[in-house]
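Comments concern the structure below.
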Amino acid sequence: MAKKSNRVKPVDTEFQDKLVSLNRVSKVTKGGRTFSFAAIVVVGDGKGQVGHGLGKAREVSAAITKAADEAKKNLVKVPVLNGTIPHEQHGKFGAGKVLILPAADGTGVIAGGAMRAVLEVAGVHNVLAKSLGSSNPHNVIKATIDALQKLRTPVQVARTRGVKLEKVFNG
């Protein structure tokens, strides 16, 4: 069964972007070292849309701009219910593994580095998250977005099972 994509087109809404990682890369040539920069940026509208991008350039600001533009092309829709996620979910990408859990109101975003950036720009305000595998920001971001894409709302679960919404909650 082919996995359906949750990608959405960027609408003219206000996106906030967060720089997750900035890497200086050097290339040794005959004339000396040439430095360039690689930036990883996460963008989101705070209402359930989130995307990530990688930009490379000779200057820091150009790399960040390229990464933000790339991130806006890779937006996905995430279900956010009352500031948290609907249910527990695991995500995996390469060696990066993450676990995200819904949390009570007032808990805040309890997550580390790259995961925190993704969850905050997505609009999730109360969540518990743990990175279980690699700490590489590329893989952690992609694993977090994988976990967020797997989330389903109660309405989607009811429709898939062919039952009423009350039966999903009451059994």
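The values are calculated or read from the model by the stated rules, or taken from the named source; none is laboratory data. Keep in mind that what you see is a predicted model, and the values were worked out from it rather than measured. Neighbour counts are summed over all protein chains in view; Cβ atoms, including those assigned to glycine, are modelled from backbone coordinates with ideal geometry. In case anyone asks, the SASA skips ligands and DNA or RNA and just uses the protein heavy atoms, side chains included. Shrake-Rupley method; radii C 1.70, N 1.55, O 1.52, S 1.80 Å.
A few notes on this one:
- Residues of segment 107-129 classified as open to solvent by 30 Å² or more (accessible area, probe 1.4 Å), out of contact with any His (no Cβ under 9 Å at 6 or more places or on another chain) and not in a strand (DSSP E or B), total: 5
- Subset of segment 130-164 [touching a residue at least 60 places away in the same chain (Cβ under 8 Å), buried (at least 18 other Cβ atoms within 10 Å of the Cβ) and touching a helix residue (DSSP H, G or I) at 6+ places or on another chain (Cβ under 9 Å)]: Pro137, His138, Ile141, Ile145, Leu148
- Sole residue being in contact (Cβ under 8 Å) with a residue 24 or more places away in the chain and in contact with a Lys or Arg (Cβ under 7 Å, 6 or more places away or on another chain), chosen from Leu81, Leu75: Leu75
- Scope segment 74-96; condition open to solvent by 50 Å² or more (accessible area, probe 1.4 Å) and either touching a strand residue (DSSP E or B) at 6+ places or on another chain (Cβ under 7 Å) or of a type in the set (Phe, Trp, Tyr) (or both); matching residues: Lys77, His87, Glu88, His90, Phe93
- Condition met for Lys167 (touching a Phe, Trp or Tyr at 6+ places or on another chain (Cβ under 6 Å), open to solvent by 40 Å² or more (accessible area, probe 1.4 Å), among the basic types (Lys, Arg) and in a helix (DSSP H, G or I)): no
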